Amino acid sequence: MLINTSPRRPDRERVRYIKEALREALSLSNDIAIAVAELACLEEGCAPVETVIGLLRPDAPQLQCKLHKPMDAVDAKDLVQVCAAWGFDVQIPIFVPLLQEN
């Protein structure tokens with residue numbers, strides 16, 4: 001079970017950068033929502049903090065990917081992993097300029 005008990009709040013700018021990077025890399029329309037959350041996990045063997053990224057599309061099942069690291073440690077390689085888990089073929093170079101500011 002995931003419980004959002006993380007004592008710190010994720011950086012809103014980091015959330016925005018991750019969402020914008022995914023939106024631009026995948027050429028997503030405005031009717032598709034991206035959710036990014038940092039959660040504490042209390043399950044045995046689970047990373048203490050993980051980043052969960054979801055893709056919410058109208059008339060389609062929600063897609064979700066968990067990264068076993070805090071949001072501020074998410075990098076271009078991780079976003080490629082998220083895209084692959086969602087069924088998109090994206091290469092690392094597309095994310096590098098999108099995340100350079102952070």
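Just one of the listed residues (73, 33, 84, 40) is open to solvent by 20 Å² or more (accessible area, probe 1.4 Å), of a type in the set (Gly, Ala, Ser) and more than 22 Å from residue 97 (Cβ to Cβ), namely 33. Scan (1) without any contact (Cβ under 8 Å) to a residue 12 or more places away in the chain; (2) closer than 14 Å to residue 83 by Cα for the single condition residue 44 breaks and write down its number. Tallying (1) without any contact (Cβ under 8 Å) to a residue 12 or more places away in the chain; (2) closer than 14 Å to residue 83 by Cα, residue 44 fails exactly one: (2).
Among residues of segment 52-70 being open to solvent by 60 Å² or more (accessible area, probe 1.4 Å) and assigned to a loop (DSSP other than H, G, I, E, B), the one that is farthest from residue 15 (Cα to Cα) is 59.
Among the residues of segment 46-102, the ones that are among the acidic types (Asp, Glu) and at positive phi come to 1 in all. Filtered by the rule that a residue be part of a loop (DSSP other than H, G, I, E, B) and either small (Gly, Ala, Ser) or more than 15 Å from the chain's Cα centre (by Cα) (or both), segment 24-51 gives 27, 29, 30, 31, 42, 43, 44, 45, 46, 47, 48. I'd like to verify a number: residues in segment 50-73 that are touching a residue at least 60 places away in the same chain (Cβ under 8 Å) and touching a Cys at 6+ places or on another chain (Cβ under 7 Å), how many? Residues flagged as touching a residue at least 60 places away in the same chain (Cβ under 8 Å) and touching a Cys at 6+ places or on another chain (Cβ under 7 Å) within segment 50-73 amount to 0.
Residues in segment 2-9: is at least one modelled with pLDDT under 95 and under 19 Å from residue 95 (Cβ atoms)? There is no residue in segment 2-9 that is modelled with pLDDT under 95 and under 19 Å from residue 95 (Cβ atoms).
The values are calculated or read from the model by the stated rules, or taken from the named source; none is laboratory data. A quick note: this is a predicted structure, and the numbers were derived from the prediction, not measured. A quick note on method: Cβ atoms are made from the backbone with ideal geometry, for glycine too, and the neighbour counts reach across all protein chains shown. We work out accessible area using only protein heavy atoms, side chains counted, and drop any ligands, DNA or RNA first. Shrake-Rupley method; radii C 1.70, N 1.55, O 1.52, S 1.80 Å.
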